[in-house]
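**Q** Structure incoming, see below.
Each reported figure results from applying straightforward, stated rules to the coordinates on display, with no laboratory input. Nothing here was measured: the structure is a model prediction, and the numbers come from that model. Here the Cβ positions follow ideal geometry from the backbone for every residue, glycine too, while neighbour counts run over all protein chains shown.
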Amino acid sequence: MHFNDVIQFAFHAMQGYRSRTYLMLLAMAIGVASVILLTSLGEGARLYVTQQFSSLGTNLLIVLPGRSETTGGMPPIMGETPRDLTLQDVAALQHLHHVKQLAPIVVGAAPVSYQQLEREVMIMGSTASLFSVRQLKLSRGQFLPELEITRASPVCVLGYTLYKELFGNVSPLGKWVRVSEYRCRVIGVMEEEGMSLGMDMGEVLIMPAASAQTLFNVNSVFRILVEAQSQEVMDRLKQDVIETISARHDGEDDITVLSQDALLSTFNRILTALTYALGGIAAISLLVAGIMIMNVMLVAAAQRTTEIGLIKAIGAPRKQIIILFLTESACLSLVGAMLGLIFGLAGNWLLQRYFPDFPFQAPDWALWAAVGVALSTGILFGLLPARHAADLDPVQALSGR
Amino acid sequence: MIKLDHIYRTFEVGDELVHGLDDVCLDIKDGEYISIMGPSGSGKSTLLNTIGLLDRVNQGRYFLDNNDVTELSETEQARVRREKIGFVFQTFHLIPRLTAAENVALPLTLAGVDHDERNHRVEQALKSLSLTDRAHHRPDQLSGGQRQRVAIARAVVTRPVVLLADEPTGNLDHASGMDVINILEQLNQQGITLLLVTHDIELGERAHRIVHMMDGKVQP
């Protein structure tokens, strides 16, 4: 029997039983589409995080107080609070070799008001160098002035959303806003920007670090961002930072230094694993579709008993009947997979359209894997019904028993 | 050309052994026209299925064209059915989703005959049975007589040497039944060996030879 005749026979059979064909195709298509969409979600998360990290700036070390590593000893029963990082620590780091620039970050929340309008917002205390470390952009005015790190100054820069909410279309430059019980003068407004590492940069107020410390009545610094001169000196610099702080903290090694690359690769690993896991979960629906194919083909073998008897009577050996039935389930799953591919990619396109900030992107391997798994489950689960059909006794089959 | 030599075929029905064929011996020459008659359950259809290689025997030898086909493998028996035997059934057994022409072409398609050759032979077969204008109708758009003619076309399109007809008029009115019988007899006159199972005495007597069956035995 010629290959295209076999295919034609399969398609005739598919057309002959429309409702079951449509249901099967739907099941397969949903399976394949869900693999595509879920892996696209996982991959999107990975790309999103990667993008967020690279928007943070390059060659960046992040210094935070406390050690996050376990040493394998007894857990500290008495409670061992790490020493805080202070602005003096920051000043000490500033003079290290290989440091291009650095910016301390002090954060907290406080009510900000202008005339009758008040908003509770995130306050970020830092220095002038935050501007280039974080690669921020201004829409008007200027950023924080170059001051000594420990100097306070009653000035602030507004996030774009905050500016719109407090001032509308009035220019805020030179106006005084109230932050909790302090007052500061607006000297700049940042450009409209999306989320950055889960922090909406549109809704922050940035002021000098020392001013923020006064505002929140603290001496500590939340993070220090250190930008190295180049990629090559990152490891050296990391060591220097640890040693410098340790020397200042009575020889206590009580800070954690993260490099952006290390963080990024960790996130990458986690999120790639997540993508695989999501793909795997979605593949279960393909398995279910495969079992449905088996079910439907078994019913088809039962419905078409006399047809099978006839085909045997007019000279088809067992092998040929297996081929005919397998081709039918393979065609069902292949067409279903193609539909699923179309649904999946269309869904992906819609997601991209409605959530342009999030990079939905089905990985190539997922497309191949989805179609491959669909086809192989179709054939695998088609095998049992095909053999069942081929084993029918022609005399009994013809009499419809 | 067909020689059955002490054929036995038993079935188990519940705990009982039923003799479908009991020591059947039969010689059929090329081009003969034989009717097989007998009451229900006498083994007529079993005999036909045995000759058609749809059923296996328990004992005895079956020679077709001087070849022992009793012990052939399943695949080889399928080939013999395809090349030498044509079937016509009481209930037509047309595939409902295929057109008349596609139904007729089916044995050739399964045998892997080329597209052009296939079309040519289907056309001829349909023409000889005056079905050319019905070629693209599906079975449910045809009358009973037309359906049986399509089935006959399908049986002869492979140019078999034996045509086995199991109650071919059983589901037809008298006129279409006679029509079908006339076609089968014409085919017989063209040289095909015709075996007709019937319990209609009038039809049975038209054959060259009548084989009477009773309880799985051929009556002398």
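**Q** Run the quick spin-label model on A:Gln94 and A:Ser153: label points 7 Å from Cα toward the beta carbon, then report their separation in nm to one decimal.
**A** According to this spin-label approximation, the distance is 1.2 nm.
**Q** Compute the longest continuous run of chain A that contains no exposed GluC sites (Glu not before Pro); treat a site as exposed when its DSSP state is not H, G, I, E or B and it has at most 14 other Cβ atoms within 10 Å.
**A** On the way: sites that count: A:Glu69, A:Glu80, A:Glu146, A:Glu148, A:Glu181, A:Glu191, A:Glu192, A:Glu232, A:Glu252.
The reported range is A:253-401.
**Q** In whole Å, what are the extents of the protein assembly as shown along the principal axes defined by its C-alpha atoms, from largest to smallest?
**A** The Cα atoms of the protein assembly as shown stretch 127, 59, 42 Å along their principal axes.
**Q** Another question, if that's okay. Please enumerate, by chain and number, the lysines with C-alpha under 18 Å from the C-alpha of A:Lys100, excluding those fewer than 8 residues away in the same chain.
**A** A:Lys238
**Q** Another question, then. Can you give the extra length, in nm with one decimal, that the chain gains between A:Glu191 and A:Glu118 once fully stretched, where that is 0.36 nm per residue apart less the Cα-Cα distance? Spell out each step's value before the answer.
**A** Details: separation 73, 0.36 × 73 = 26.28 nm, distance 2.12 nm.
Additional length available on full extension: 24.2 nm.
**Q** So what's Rg/Rh here for the stretch A:111-267, counting alpha carbon atoms and using the Kirkwood radius for Rh?
**A** Details: Rg = 17.4 Å, Rh = 17.2 Å.
Using only Cα positions, Rg/Rh for the stretch A:111-267 is 1.01.
**Q** Tell me, in nm to one decimal, what length is gained between B:His120 and B:Tyr8 on full extension, where the rule is 0.36 nm per residue of separation less the Cα-Cα distance?
**A** 36.1 nm
**Q** For A:Leu258 and A:Asp393, compute 0.36 nm times the residue count separating them, minus their Cα-Cα distance, and round to one decimal in nm.
**A** Numbers: separation 135, 0.36 × 135 = 48.60 nm, distance 7.25 nm.
Full extension of this stretch gives 41.4 nm more.
**Q** Could you check which residue among A:Ile379, A:Ile321, A:Ile187 shows the biggest mean-square fluctuation in a GNM of chain A with a 10 Å Cα cutoff?
**A** A:Ile321
**Q** Where in the stretch B:33-102 are there GluC sites (Glu not before Pro) that are in a DSSP coil and have at most 15 other Cβ atoms within 10 angstrom of their Cβ?
**A** On the way: sites: B:Glu71, B:Glu74, B:Glu76, B:Glu83, B:Glu102; in loops: B:Glu71.
Within the stretch B:33-102, the qualifying GluC sites (Glu not before Pro) (loop, at most 15 other Cβ atoms within 10 Å) are B:Glu71.
**Q** Loop only per DSSP, at most 15 neighbouring Cβ atoms within 10 Å: give me the trypsin sites (Lys or Arg not before Pro) in the stretch B:1-52, ordered by residue number. Write out the running numbers ahead of the final one.
**A** Details: sites: B:Lys3, B:Arg9, B:Lys29, B:Lys44; in loops: B:Lys29.
Answer by residue number: B:Lys29.
**Q** In addition: I'd like the mean, over residues of A:215-228, of how many other protein chain beta carbons sit within 10 Å of each residue's own Cβ.
**A** Numbers: counts 0, 0, 0, 0, 0, 0, 0, 0, 0, 0, 0, 0, 0, 0.
What the average comes to for A:215-228 is 0.
**Q** State which entries of B:Lys127/B:Lys217; A:Lys319/B:Lys29; B:Lys3/B:Lys127; A:Lys312/B:Lys44; B:Lys44/B:Lys127 exceed 29 angstrom in Cα-Cα distance in the structure shown. Walk me through the intermediate numbers first.
**A** Values: B:Lys127/B:Lys217 40 Å; A:Lys319/B:Lys29 33 Å; B:Lys3/B:Lys127 34 Å; A:Lys312/B:Lys44 20 Å; B:Lys44/B:Lys127 32 Å.
Too far apart for the 29 Å limit: B:Lys127/B:Lys217; A:Lys319/B:Lys29; B:Lys3/B:Lys127; B:Lys44/B:Lys127.
**Q** Looking at chain A as a GNM with Cα springs under 10 Å, which of A:Gly188, A:Gly202, A:Gly174 has the largest mean-square fluctuation?
**A** A:Gly174
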